[in-house]
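Notes follow the structure.
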Amino acid sequence: MQPRIFRINTSNKIEYTCGQSLICTVIIPLLKEVSTLVNEKDSTATSSGSPFPNVSISVSDMTSRAIDIRMDILNMIAEGGSGHPGGSLSAVELLSALYFKTMRHDPNDPKWEYRDKFILSKAHACPVLYAHLAHCGYFPIEELLTFRKIDSRIQGHSHIKTPGVEMSGGSLGQGLSFGLGAALSARLDTNQTRVYVLLGDGECDEGQIWEAAMAATHYKADNLVAIVDRNRIQNDNWTKDVMNLEPLPDKWKAFGWNTVEIDGHNFSDILNALGTAEKVKGQPTAIIASTTKGKGVSFMENNPDFHGKAPNPEQLDQALTELENTR
């Protein structure tokens with residue numbers, strides 16, 4: 001049988017060939033039609049031996065593990081001497097619901113073809129991602145204490161050299177475009193990969209976010225979910241004073257997204273929203289998650305000072321004690 005090949009030509013079109021014969025030329029935006037030309041794959045494929053999602057893990061278990069993850073976030077930032085605790089602590093429950101209970105992924109095979117993908121667009125909050133990857137088994141938990149050290153695999157902004165990280169980040173506003181590309185690629189490959197993108201609310205000041213939002217609706221990317229960490233603080237000030245975002249849910253709805261508002265620290269809310277998003281067809285889903293920056297530590301909560309500042313030794317001791325007392 002002659003090999004069948006897809007290639008993008010200089011006219012920004014996809015050519016489908018069999019041997020030396022050009023069978024058809026398809027304009028790139030017709031992604032849904034192109035996917036019918038690809039050999040069918042097993043869209044329900046599962047990874048051999050993968051422990052995730054862990055359907056048996058309870059909300060109580062995830063709540064307990066969230067305390068451990070918050071402690072790990074603080075310890076690694078304190079050890080590194082710099083980092084972003086506030087926006088990492090605000091997103092713990094969101095990532096726990098994804099990594100432990102929702103996404104298909106395999107720490108033993110980080111590039112597994114059928115994995116679901118998590119994109120950290122607010123890449124400065126990478127401590128929350130690293131802690132979850134370590135607890136899932138992508139690398140030893142002890143390695144978290146190499147955060148921001150020379151030659152470490154876990155640096156101050158997420159990077160693809162870290163096992164389990166899908167996108168190198170830093171410049172805000174790029175993650176949703178990347179996530180849309182991953183979602184459309186999965187459609188071309190006719191697999192059931194879902195893509196989840198975590199955005200900062202201050203990051204929604206970026207115009208590229210809304211370009212991607214418009215494109216995602218145009219392409220009916222129903223395997224794409226944007227989660228906005230709505231902690232209401234960006235950098236060293238409140239979002240309402242820097243650039244008022246409201247009415248934020250209405251903006252996403254106006255761009256054609258299925259839009260849900262939740263408590264971003266309530267596992268039941270989060271899991272229900274993620275489950276509902278899987279059932280929505282023909283449009284992407286935006287989850288506006290109301291959170292508290294610095295969640296779990298009294299002097300960090302709703303405190304812009306701890307957007308990007310490591311705790312000193314006395315503050316670390318107090319923070320760890322507070323968290324331990326919540327068990």
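Out of all the residues in region 263-278, is one or more surrounded by 20 or more Cβ atoms within 10 Å (Cβ to Cβ), in a strand (DSSP E or B) and not hydrophobic (A, V, I, L, M, F, W, C)?
No, the conditions are met nowhere in region 263-278.
Filter region 31-74 down to the residues that are out of contact with any Phe, Trp or Tyr (no Cβ under 9 Å at 6 or more places or on another chain), among the polar types (S, T, N, Q) and in a helix (DSSP H, G or I), then identify the one that is modelled with the lowest pLDDT.
Selected residue: S35.
Tally up the residues in region 189-204 that are more than 15 Å from K117 (Cα to Cα) and either modelled with pLDDT of 95 or more or among the small types (G, A, S) (or both), please.
As a first pass, look at region 189-204 and keep what is more than 15 Å from K117 (Cα to Cα): 190, 200-204.
Filter again for either modelled with pLDDT of 95 or more or among the small types (G, A, S) (or both), leaving 200-204.
Result for region 189-204: 5.
Exactly one of (1) of a type in the set (G, A, S); (2) outside any helix (DSSP H, G or I); (3) in contact with a strand residue (DSSP E or B) (Cβ under 9 Å, 6 or more places away or on another chain) is unmet by G83. Its number?
The single condition G83 does not satisfy is (3).
Only helices (runs of 4 or more DSSP H) wholly contained in region 126-225 count here; list those with 3 or more residues that are basic (K, R) and closer than 20 Å to T102 by Cα.
none
What's the number of the condition L145 fails, among (1) surrounded by fewer than 19 Cβ atoms within 10 Å (Cβ to Cβ); (2) out of contact with any helix residue (DSSP H, G or I) (no Cβ under 9 Å at 6 or more places or on another chain)?
It fails just one condition, (2).
State all residues of region 306-323 that are part of a helix (DSSP H, G or I) and either under 27 Å from R232 (Cβ atoms) or touching a Leu at 6+ places or on another chain (Cβ under 8 Å) (or both); if no residue qualifies, say none.
F306, Q315, L316, Q318, A319, L320, T321, E322, L323
Limited to region 279-320, what total is found for residues that are free of Cβ contacts under 8 Å to residues at least 12 places away in the same chain and either crowded, with 18+ Cβ neighbours inside 10 Å or under 30 Å from R194 (Cβ atoms) (or both)?
Residues that pass the stated criteria total 1.
Out of W210, W238, W257, I need the residue that is in contact (Cβ under 8 Å) with a residue 60 or more places away in the chain, over 24 Å from H105 (Cβ atoms) and among the aromatic types (F, W, Y). Which one?
Numbers: W210 fails: in contact (Cβ under 8 Å) with a residue 60 or more places away in the chain; W257 fails: in contact (Cβ under 8 Å) with a residue 60 or more places away in the chain.
Every option except W238 fails the conditions.
The values are calculated or read from the model by the stated rules, or taken from the named source; none is laboratory data. These numbers come from a predicted model, not from an experiment. Ideal geometry is used to build each Cβ from the backbone, glycine not excepted, and the neighbour counts take in all protein chains shown.
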